[in-house]
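Some notes on the structure that comes next.
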Amino acid sequence: MADHDMEWVVKPVSWDEGAFIGNGSIGAMVYGEEHAKKRHVLRFVTGRTDVTAVRSDRPGFPPRVPIGELDLEMTGMIYHPTSMRVDLWNAELRAELTTTQGKVKLRSIVHSLEPVIAIEWETSEGEEGAHVVWHAHSEVDEVLRNADGINLNQYIPETKVEKSERDGIQICTQRYSGGDGCVAAWKEVHMAPNRRVYFLTIMTGHEESAIAAAVDAIAQAIGRDYETWISDHRTWWHDYYRQSFVSVPDSRLQSFYWIQMYKLASATRADQSLIDNQGPWLTSTPWPGVWFNMNVQMSYSPVYAANRLELGLSLVRALTANLENLAANVPEPYRHDSSGLGRSSSYDLRSEVDDEVGNLTWLCHNVWRQYRYSMDDNILKNLLFPLLRRSVNFYFHLVEEGLDGLLHLPATISPEYGSFMRTRVRDCHYDLALLRWGCQTLLDSCQRLEMDDPLMPKWQDILDRLVPFPVDETGLMVGKDTPLDYGHRHFSHLLAIFPLHLIGCDCEEERKLIMTSLDHWIGKEGDLRGFSLTGAASIAAILGRGNEVLRYLHALLLLIKPNTMYKEAGPVIETPLAAAEAMQDMLLQSWGGQIRVFPAVPDEWQEAAFEHLRAEGAFLISAVRSHGETQFIRVKSLAGEPCIIQTGWVGVVHYRITGTRSIEQTVRLNAENEAITLELNAWDEAILYRGSELPNIRIGPVTSPKKVIRYFGGHKPWRL
């Protein structure tokens, strides 16, 4: 993975190209400053995801707020040669900083198992005075505080800063005007005459319990053998990366993919807050919270196929913890049986539903993916079914029977279409698709759980009589009498295609509808954004148009920041993460009850390989493509579910099943989209191949004809 590390050959000077580290809760964005009086400083702009503040200026949810920063202040100015590198495999930042007075070598991690940042530095002659200092946000020099711009929409609370010491550990308590706050605690340890380590933690709250927890976290960290402590951190990351493997011959996209896997586990963990719009790396933004009309859903989209389901549990955890608030989000007369979620909120998911109705149902689709990729019936029984039932119930209070005998929806919003004018549309595709998906999923869930529900006839009635999706010659419409007349950055009017897969490619009519809708949407241009390209890429992948998928992803790289972050009016983390899902869609798809291997590989990708990508039904899929042909496919069943797989092969196919039994069989396929049904028990494994002999089933990295090493990090276009 070393070839995919993020690398800097000069000092980064903005958030857009900073080095980021994190452990799912605490993080830091590391960069410098070119203002003359601050050229000697390397900043660790520090964040903790769940630090929020009650607003005192106006109504609104408690937004995230900046905490402060650790500054490595050197004697001389940072000069040349200077290099920085984020070692993805070990999840650590290393740097060699040349200053006008000497040199400083640096290593830093956010520990994977403890809420502690460590900065280790070693100095040469002339830089013995280099030191690390913590600044609460209100005390940060204005040159640094405003370096990434001033956003007048961002709420910054009045803050009282109190400093103290306990057992040799320094403490900084910040009390916000609304009653919230946070605690920073730190201690510097001398390891050698010219080598020191600075340990820092951040805790939410300002009460004695938060202070005690912060002090304890530092005491625990400094009480451990340092190298063993570092080793434990690395072991967690090594195990994480090994959960799946992807290799493609496009070295930039290959690096991009692995950085997104690093970013995911830096942004959330099973026992931490859900992924918001920025992860731990808060900076100037108009969106300091959690957005639900696309952002959260897309942020989690790559965890499922990547076989990193434990990261998806943070979303499950957030929903489970806030069921009462989800009920309180709908009007009072409906709270006895319904739940909903507005556009944005803090981590308590308290956001009243207005005329953007379907956000909770879409979020349930992510939970459904968590269930389908794991086949954990506890998730289905205890969370998904009851929550989706309440979410669909809210639609029942809105559905109207028309004179045509069909069921219709009143005017609602299709997210991001006509936003400034708050355009409301009857029979909005966004809501029709989510309602149809919700009813079908509830019926399927009853069958799975072997239960009868009194609402089953009503769900079936919705499926039988709900008005069809509005369609015209341009494809799927935004809603009744509302074609897509101008550029639309969101794919909310295409949700039935992706990600819900209510419309597939099983018949030529549906395929033409998908093609027409996609071409019309992208052809409108206008307000297209980075996430428009990721949605288009995944839809093109459904069609098997691999060359088009590749063009969308390469276009996206033109919008991505050098460190793979993404910004519009402020940073939004979902776009690069969703691009990782689009890459997965080129290699493996599972929807409509079938698994598809290498369904959308571009012509120039003659070689590709993946191991243990996960499919619906809890299957681990591995495959190798060489000289433009799939060499073999390996399927491991974790739950004993039905396995129907499209191999893309035509002709004779052999397969061997091992595990609970041994079987060898041969089938003949007459078309590339013809599927094979494998009868697998839990923990059985099947190997599929062509030819008379089993090929070499070793999986390793493929070579790139135009290899670019460590392209991301700092801006280095010359490496192309």
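Please treat every number below as a calculation from the coordinates, not as lab data. As the structure is a computational prediction, the values presented were derived from the model and not from experiment. A quick note on method: Cβ atoms are made from the backbone with ideal geometry, for glycine too, and the neighbour counts reach across all protein chains shown.
Express in nm, to one decimal, how much length is gained between L463 and D354 on full extension, taking 0.36 nm for each residue of separation and deducting their alpha carbon distance. Let's see the in-between values first.
Numbers: separation 109, 0.36 × 109 = 39.24 nm, distance 2.47 nm.
Answer, rounded to one decimal: 36.8 nm.
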Point to revise | Fewest-first ranking of K103, K480, K263, using other Cβ atoms within 10 Å as the exposure measure | key: K480, K103, K263
**Study point:** the range 2-242 - Rg and Dmax from Cα coordinates, angstrom
**Key:** 17.6, 55
Practice item. With a Förster radius of 22 Å, plug the Cβ-Cβ distance of S164 and V54 into 1/(1 + (r/R0)^6) and report the FRET value to the nearest 0.05. Key: 0.35
**Study point:** Flagged links, alpha-carbon separation over 22 Å, of K263/K567; K561/K716; K480/K524; K38/K567
**Key:** K38/K567
Point to revise | Residue-averaged [θ]222 nm for the chain, counting only DSSP H segments that reach four residues, each worth -39500 (n - 2.57) | key: -8500 deg cm²/dmol
Check your understanding: Taking 0.36 nm per intervening residue step and subtracting the Cα-Cα distance, what contour gain separates E401 from S83 on full extension?
Key -> 107.9 nm
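For the range 150-279, what is the per residue volume of the convex hull drawn over the alpha-carbon atoms, in cubic angstrom? Numbers along the way, then the final one.
Numbers: hull volume 26.5 nm³, N = 130.
Considering the Cα atoms of the range 150-279, their hull volume per residue is 204 Å³.
Report the gain in length on full extension from V189 to R224: 0.36 nm times residue separation, minus Cα-Cα distance, nm rounded to one decimal.
Numbers: separation 35, 0.36 × 35 = 12.60 nm, distance 1.21 nm.
Extending this stretch completely gives an extra 11.4 nm.
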Point to revise | Angle between the chain longest axis and helix 546-557 axis [Cα atoms, degrees, rounded to 10] | key: 30
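Report the FRET efficiency, 1/(1 + (r/R0)^6), for R551 and S692, where r is their Cβ-Cβ distance and R0 is 30 Å, rounded to 0.05. Present the calculation step by step, with values, prior to reporting the outcome.
Numbers: r = 39 Å, r/R0 = 1.30.
Once rounded, the FRET efficiency stands at 0.15.
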Check your understanding: Dividing the Cα radius of gyration by the Kirkwood radius, what Rg/Rh value follows for the chain?
Key -> 0.98
Exercise for review: Calculate how steeply helix 574-587 sits against the longest principal axis of the alpha-carbon atoms of the chain, using the helix alpha-carbon long axis, and give the answer as 0 to 90 degrees to the nearest 10.
Suggested key: 50
Study note, to complete from the structure: Counting only backbone N atoms under 11 Å from a point 7 Å out along Cα-to-Cβ of S177, the residues of the range 48-63 in range are 55-58
Practice item. Report, to the nearest 10°, how far helix 429-449 tilts away from the longest principal axis of the Cα atoms in the chain, using its own Cα long axis and a range of 0 to 90°. Key: 80
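Once you keep just the Cα pairs under 8 angstrom separated by 6 or more residues, what percentage relative contact order results for the range 2-242? All intermediate terms of the calculation are to be shown ahead of the outcome.
Values: 553 pairs, mean separation 42.8, N = 241.
Normalised by residue count, the contact order of the range 2-242 is 18 percent.
Remind me, relative contact order of the chain in percent, using alpha carbon pairs under 8 angstrom and six or more residues apart?
Working: 1663 pairs, mean separation 87.8, N = 720.
The normalised contact order for the chain reaches 12 percent.
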